[in-house]
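Notes to accompany the following structure.
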């Protein structure tokens, strides 16, 4: 079993829909949680960063962490074609090394 | 790309030849990382550095070596390239508890 599990998709939704992306993890020692967005043939770009359980909002994006269930989510409201990308979750024990999910490929259909 | 450049951006080489990839940062951060990204595996850590001349192995370090003689440069060397090392290689820096990635190097070993 991988430490971080992420459904690879692909996931296709119509423009304007709410998108929900999820990761589960097995090690309760993870302390920091991140979401990266990666466009085709580009480097991953940090989208959201959170430390505690609960929700963090930034514009159309909301990151949610449930440490008791070992589950994190990224919600995208009012999805746009420009949101089409691969989304990677990542986690850190606090030792400066990240463990990544395999990524979910998202397509927003105009 | 957060003050990170990678060179070359693309390279095609033959099995058995040595290859060196360069990562350069303008941010003066202590931590630097090399990852490879492959379909179905996500981002996997090869080696990382926590200061000049201070490096350590990641989860997929076999066949790779690194060097860091200056804060701003982190080199990844494939001593004798194999076809299994065909991949996209990303460098990252870490200013705090998260990481920022370079644009990547696409390496093909024939």
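Based on what the data block shows, is residue A:2 out of contact with any helix residue (DSSP H, G or I) (no Cβ under 6 Å at 6 or more places or on another chain), in a strand (DSSP E or B) and at negative phi? So residue A:2 does not fit the description; no. Only one of the numbered conditions (1) free of Cβ contacts under 8 Å to residues at least 12 places away in the same chain; (2) exposed (fewer than 14 other Cβ atoms within 10 Å of the Cβ) is violated by residue B:15, and that is (1). Residue B:83 passes every criterion in (1) within 14 Å of another protein chain (Cβ to nearest Cβ); (2) surrounded by fewer than 17 Cβ atoms within 10 Å (Cβ to Cβ) apart from (1). The set of residues from segment B:2-48 being on the phi > 0 side of the Ramachandran plot and within 12 Å of another protein chain (Cβ to nearest Cβ) comprises B:2, B:40, B:42. Residue count for segment B:27-49 satisfying the condition of being loosely packed, with under 14 Cβ neighbours inside 10 Å, closer than 15 Å to residue B:93 by Cα and free of Cβ contacts under 8 Å to residues at least 24 places away in the same chain: 0. Exactly one residue out of B:66, B:60, B:88 is touching a residue at least 12 places away in the same chain (Cβ under 8 Å), closer than 18 Å to residue A:90 by Cβ, under 15 Å from the mean Cα position of the chain (by Cα) and not in a loop (DSSP other than H, G, I, E, B), and it is B:88.
Bear in mind that the values in this text are calculations on the coordinates, not laboratory data. Computed from a predicted structure; not experimentally measured. Note: ideal-geometry Cβ built from the backbone for every residue, glycine included; neighbour counts use all protein chains shown.
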